[in-house]
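What follows is one structure encoded as structure tokens, with my remarks underneath.
The values are calculated or read from the model by the stated rules, or taken from the named source; none is laboratory data. Remember, it's a predicted structure, so these values are computed and weren't measured experimentally. Cβ placement follows ideal geometry from the backbone for every residue including glycine, while neighbour counts extend to all protein chains displayed.
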């Protein structure tokens, strides 16, 4: 599907991981150096707790951020009015990270130890506390970490937390030998649509840059990467974790984060990029940046999806992890899905009385799958 010559001369960076003899934290799919960037350069508006064992951050949070589109009409108008007044913005404490797929937890802690630490971290101004992104029978995790997540959810419920279904994480097992074989598994209409999208003109040729390359230290290069990231972020429906330029500067210059930058140029101009992590047999799609309208006109989203799959095949990866957003689009591209769970403690009794009966309306991805892509989710949710 894609020119093999674009891949033939590239060498993977050295594998990264925990120090020899160090216990791997629970739920960590990414290199430890990458996960550590969240503490070093937190998203804008996030305040990290000095707690050393758990990653706890606070931010002003819009409670309707993950509200599903099927909120009853009776509630939609007053909710919109309250949102405009800022009544749904509360101080929230989160346990976890927005850069890792799952909440990374210390292996030395049992479920009760984690809950004790979480509750010790409570600030008097916190309206809610959320242990975010716990795996739910994840095929990407080992049985021990999945069992621990189940035990933590049960222990949290016993302490007054309730459970929300989180986002749907898309992934593609690399059990095919070429993108042509992969495409043959899609529906005829999807294959036709993809081929139509990719025939609009000569595709931009990707260049693969291992982060830590000298050009990644060029401030102008970092500025361009960050500008295209902001272009995508500003157009997205959910605005929660705005990563800083400093985060990308550190990531681009890190030789230990296992990061690869797939850079797409067209007619001498950078029209987009895709940043992935290569670690332990996983190719983890993390961030993307587009120059509009060129990227849209070139169907760069779909081109980069297929390029990532071909790269995964050619380099022996076992799984391509495609991230959290756009589940309907990714389902159409043949992805499988696994959900996360959030354990939520609402400290204000009045707020709890309002939110608890409406909790299913804050499970947007679950609602999406129930409505339109249910067959893809049933095997993995």
Has the stretch 258-266 got any residue that is at pLDDT below 95, surrounded by fewer than 22 Cβ atoms within 10 Å (Cβ to Cβ) and closer than 24 Å to residue 196 by Cα? yes
Kindly indicate whether any position in the stretch 259-267 is touching a residue at least 60 places away in the same chain (Cβ under 8 Å), assigned to a helix (DSSP H, G or I) and under 24 Å from residue 215 (Cβ atoms). no
Being surrounded by 21 or more Cβ atoms within 10 Å (Cβ to Cβ), at pLDDT below 90 and either over 16 Å from the mean Cα position of the chain (by Cα) or under 30 Å from residue 147 (Cα atoms) (or both), is that true of even one residue in the stretch 298-320? no
Checked the stretch 234-257 for anything buried (at least 21 other Cβ atoms within 10 Å of the Cβ) and under 15 Å from residue 218 (Cα atoms); matches are 247, 248, 251, 252
Conditions first: (1) within 25 Å of the chain's Cα centre (by Cα); (2) free of Cβ contacts under 8 Å to residues at least 60 places away in the same chain; (3) farther than 27 Å from residue 282 by Cβ. Residue 156 passes all but one, so which condition is the exception? (2)
Would you check if residue 231 is surrounded by 12 or more Cβ atoms within 10 Å (Cβ to Cβ) and out of contact with any helix residue (DSSP H, G or I) (no Cβ under 8 Å at 6 or more places or on another chain)? yes
Within the stretch 213-228, residues touching a strand residue (DSSP E or B) at 6+ places or on another chain (Cβ under 8 Å), closer than 23 Å to residue 33 by Cβ and surrounded by fewer than 18 Cβ atoms within 10 Å (Cβ to Cβ) come out as 215
Tell me which residues, restricted to the stretch 66-112, are more than 27 Å from residue 37 (Cα to Cα) and at pLDDT 95 or above. 112
